[in-house]
Structures are given as C-alpha cells and as structure tokens.
Amino acid sequence: MDLDQSLMRDYWHLLCHRNELPQPGDFLRFETCIGDVVVFNDGNDLVVYDNRCPHRGALMYTGTHGNQPATCSYHGWTYARGQIIVPHRENYPGCELDKARLATFDADWCGDFLFFAVTPRQTLYDQLGDAAEILENISFNIGASADVNQYVYDCYWPLAVENALEPDHISLIHPQTLSKLELEDGENLFMGLNSVWKAPVGNARLRKQLSALRRFFTIDYGYEGYMSLYLFPFTMLSSTYGYSYSLQSFFPRDGQQDTTSFSSRLLTAPLRDAQAAAALESFFASTAQVNRQVFDEDHAVCKRMPRTSWSTDPLRFASRSEAKIQHFRASCRAHLEQTGAA
Ligand code: FES
Ligand SMILES: [Fe+2]
C-alpha cells in the first residue's frame, strides 16, 4: 500500500465541527485517495459514509457542500432515517433490499469535532494525546460556519502541509495579509504526532484592535495571538485570538499524487448577542476574504513545488521555524517503518 492510502486508512481524520451541519440534509463532501467521504445530517445524527450509492455505485453527492436529501439521481434510491428507501421495490424480486446500507465509516467525537477513520490503529483519544484537550476547548468555543472554501491544490499533499507548518514564508508570500500581524517568533509545542505553533501578534495597533473585540464574544478559551494546530496527517486548525478558526484539510487525491484535495472552513466563535453579530458582520466577511487570499497565495507557491521536492528524509537545511516540518517527516518515516507502506 502506498503512503497516502496507508495514512488515510490508519488514522483518524477531523472532518467537521458539529455546527457546520446544523440542519437535516446538510452535507460536506471530501475527495480523497480512498474515494469520496461524505458527512451528512440525517435529522438525528451526523453520518459519515462512502459517497457511492449502494445500488450501482453512482456518486450520491457531486457538490462540495450544501443542503440536499441523500437521494441518488440515477435511480432514486434514498437514504433517510437510517434506511435505504428503494423506489419500485417490486422490481427487485429475490433481492434482500432490507440489507442495502450506506457504507459508513467509523466516526467519533472530540468535543464537538467529528472525526472519521477506516481501519484506525488506535483510539481517537490515543492518537490525539495532549492535543485532545486543546481541541475539546476549541470545539466548545465555536458558534457557526461562516465560509466553505474547497478546491484542488496543484501539488502533492505533504508539500502543502509543510508549507502550512512553517511561518518563514509569511513576509514574502503573504505581504498584504498575514504579514500585517507582524507575528513574533513564537513557540512550537509537540504532542505526539501533532504540533502547535503559538505566536504573539507583534503589530501593536492590530493587537489593540483585536483585544477590543473580545467584548463581543462569549468565549472562555482562545490564545491571544496567532495559533496554528497541526493534527497528523492531514489537518490544520488556525486562529487569531480565538475569534474564528480556519479548519483546513489536505487530503491526498485518488491516483493523482500531484494534487491535493484542499478544504478550508471558517468557523466563528459564539457571539454575545444580535448587536455583537451586527457589529462583527464585516469583520467576519473580511476574515473570510483574507483567508481565501492567504490560501490562494499558498497555493500559488505550492504549485512551484514539484512532487520530487518531497521525501521523508530530514531537511538538510532547516531553520528554527522548520522544526515542525522535521517532526512531520519523522512521523511519516516512523509510519513507513511500522507499516511497511511505500
Ligand atoms: S446507482 Fe444509485 S440509484 Fe442506482
Ligand atoms: Fe502561508
């Protein structure tokens, strides 16, 4: 099995926050190297399943997100209330239609974050280690989804992850966006396979403006600075002051090793009241716009990284800020050694 398939199958992957799919019929779809993974609000629960219809395998959803019944447009089979409803059942003599099921994945929660797995090697909490407490706290300080941004990155996924793991490129690649925060050196913390970077905002004027916004929120957790949490292997969660979180997935795509299925969702912290919501409307709109620009800038530079620029070897020339990349590569090497994946 190759590295991508093996990582996809062996680990838990963060899919979404509970509040991203509040209504029955809400769905999110992710393309991955093991096929499409859909998370769907069935009115009772969030179910995570293989997007292929149990009849003849047509993709039930083709969009990236939205609200739509789980009905296959080919012959109308529908998943509802935990069952597959088959039109014209009389046309299937001798078939055990009652046994038709969605192919669901294992799913588990860390706070209000939903994870899925195929054949996990350990429990979700064992995999998360000390990152679990951070994640739980973050999850209880998220109110709603404010933006969904999904597209294909033209680069191999570890190169996109490594780009997200180091801040050295900020001044050159994000001069009008992230760079404005003038982030200080900050510190890296390592928690098993996962890592977090916390950096104070160096721009005094922005720091003051950001601090002043706290009165609009009802949050009891949030780093007062810029924080970027990496969950091995495919997830990043970043935030400024805990007012919003950008939840990013970098999934390997099927059979196309030079492309990454990228997804970023903007999740906003709960607000004090309707007045706060009105006051922050333009703040969140501009956060969404800036995030989109930052990811476009990252994508533009990631495109310049050929597939052959990545290996699991340690970087030969690693700056202090590239420690998380070294840690990521060491995790990949350890995985290869343990599993014999190639
Ligand atoms: S393939 Fe989905 S209903 Fe036939
Ligand atoms: Fe970047």
(request) Kindly provide the set of residues from region 253-264 that are buried (at least 21 other Cβ atoms within 10 Å of the Cβ) and within 12 Å of VAL37 (Cβ to Cβ), ordered by number. (result) SER261, SER263
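Being in a loop (DSSP other than H, G, I, E, B) and aliphatic (A, V, I, L, M) is the filter here, so list the residues in region 76-119 that pass it.
First pass over region 76-119, keeping only residues in a loop (DSSP other than H, G, I, E, B): 76-77, 81-82, 86-88, 92-96, 100-103, 105, 111-112, 118-119.
Scanning region 76-119 gives VAL86, ALA100, LEU102, ALA103, VAL118.
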(message) If ALA103 satisfies all but one of (1) more than 19 Å from PRO24 (Cβ to Cβ); (2) touching a His at 6+ places or on another chain (Cβ under 9 Å), what's the number of the condition it fails?
(response) (2)
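Of everything in region 137-167, what is out of contact with any Ser or Thr (no Cβ under 9 Å at 6 or more places or on another chain) and buried (at least 17 other Cβ atoms within 10 Å of the Cβ)? Give them in sequence order.
Just the residues of region 137-167 that are out of contact with any Ser or Thr (no Cβ under 9 Å at 6 or more places or on another chain), to begin with: 137, 139-140, 162-163.
Selection gives SER139, GLU162, ASN163.
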(message) Between a residue in region 272-295 that is under 19 Å from VAL148 (Cβ atoms) and any residue that is charged (D, E, K, R) and more than 16 Å from ligand 1 (Cβ to nearest atom), which pairs come within a Cβ distance under 6 Å, given they are 6 or more apart or on different chains?
(response) ALA288/ASP147
(request) Filter region 296-311 down to residues that are in a helix (DSSP H, G or I), more than 20 Å from the chain's Cα centre (by Cα) and either closer than 17 Å to VAL148 by Cβ or among the charged types (D, E, K, R) (or both), then give me how many there are. (result) 1
(request) For region 39-94, enumerate the residues that are among the aromatic types (Phe, Trp, Tyr) and either over 25 Å from TYR151 (Cβ atoms) or away from ligand 1 (no atom under 14 Å from the Cβ) (or both). (result) PHE40, TYR74, TRP77, TYR79, TYR92
(request) With respect to GLN68, determine if the residue is over 30 Å from LEU193 (Cα atoms), touching a Phe, Trp or Tyr at 6+ places or on another chain (Cβ under 7 Å) and open to solvent by 40 Å² or more (accessible area, probe 1.4 Å). (result) yes
(request) Those residues that are open to solvent by 30 Å² or more (accessible area, probe 1.4 Å) and either charged (D, E, K, R) or within 26 Å of GLY35 (Cβ to Cβ) (or both), I need them from region 265-281; list them, please. (result) ARG272, ASP273, GLU281
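The values are calculated or read from the model by the stated rules, or taken from the named source; none is laboratory data. Just so it is clear, the model here is predicted, and its values are computed rather than measured. In this analysis, Cβ positions are derived from the backbone assuming ideal geometry, glycine residues included, and neighbour counts consider all displayed protein chains. Side chains are part of the model used for accessible areas, which takes the heavy atoms of the whole protein and leaves out ligands, DNA and RNA. Shrake-Rupley method; radii C 1.70, N 1.55, O 1.52, S 1.80 Å.
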